[in-house]
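What follows is a set of notes on a single structure, which appears directly below.
Read-outs throughout are calculated quantities, based only on the coordinates presented, and are distinct from any laboratory measurement. Bear in mind the structure is a predicted one, so any value in this text is a computation, not a measurement. Heads up, the Cβs are rebuilt from the backbone with ideal geometry, glycines too, and the neighbour counts pull from every protein chain shown.
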Amino acid sequence: MKNNQFYVVQGWMLNELGLTGNELVCYATIYGFCQDGESVFKGTATYIADCVGCSRVSATAILKRLTEKGLIIKHQQENTNIPEYSINWDLLRNFTGSVTKLYRGCKDSLQDIYKDNINIKENKNNKLFLSKKTDEFDKRTMELWNEIADKYKLAKVSIITEKRHTALLARMKDVGITDLDEFFDRIRKAIKESTFLRGKEYVQTGNGYESRNKEWRCDYDFFLQQKSLVRAIEGGYADPDLVSR
């Protein structure tokens, strides 16, 4: 990093995102390029490595972790092997506190930028959308999962950690769903159509096939894994005879 270059670490990066160390420096650096809400970071992993003070390999790993957490978004451009990164503004809309941005010497609130979209919104079916109020978002998350857990005798959720909250937002983005109820409807359908996810197996006996419980069955965290979620909602665990037609 040159003597006249700098990055700004803002309080919400620590308090709301829980970033520390090299991930914090990397995120703050990218945020500096994207804080107008439109620009993207076009630098290389080598640039990040210089800012953080680590190797290029480590910088690449940091970028990957931030992307997997849903904090930044990777854009692969055509005709080039160098990806671009932007801040995940949808995630920032879910802050409980006020988040500020510094741009062109003035201090503005993200609430002004997203004043038409930042509050809790309900559609005609009374479905909860992604909102700024994480406490209500997390409460609704637990309600939806625990309804499924009750029906299929799965482990319930009693707390939504910051890691779980961030992972859920990332998975919703992965599958292009912004409605929380719709997201869990897809999960409910996947579980309904899969004896594997419900921890059941059919064993042939002298009296025909009998249903038996297995040691493993899906839980909430199973669906926070990108590979597991995508496979589940695409019907990868479904029993052909149980698929809705």
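Annotations for the structure displayed:
- In plain terms, the chain from D219 to K189 could stretch by 9.3 nm, reckoned as 0.36 nm per residue minus the Cα-Cα distance.
- Of the residues H165, H75, the one with the fewest other Cβ atoms within 10 Å heads the list, and the complete ranking is H75, H165.
- Footprinting exposure proxy ranking of S158, S194, fewest other C-beta atoms within 10 angstrom first, gives S158, S194.
- Relative contact order [Cα under 8 Å, 6+ residues apart], the range 134-242, whole percent: 28
- S86, S55 arranged by Cβ crowding within 10 Å, fewest neighbours leading: S55, S86
- Fully extended contour minus Cα-Cα distance, from S158 to Q77, at 0.36 nm per residue: 25.0 nm
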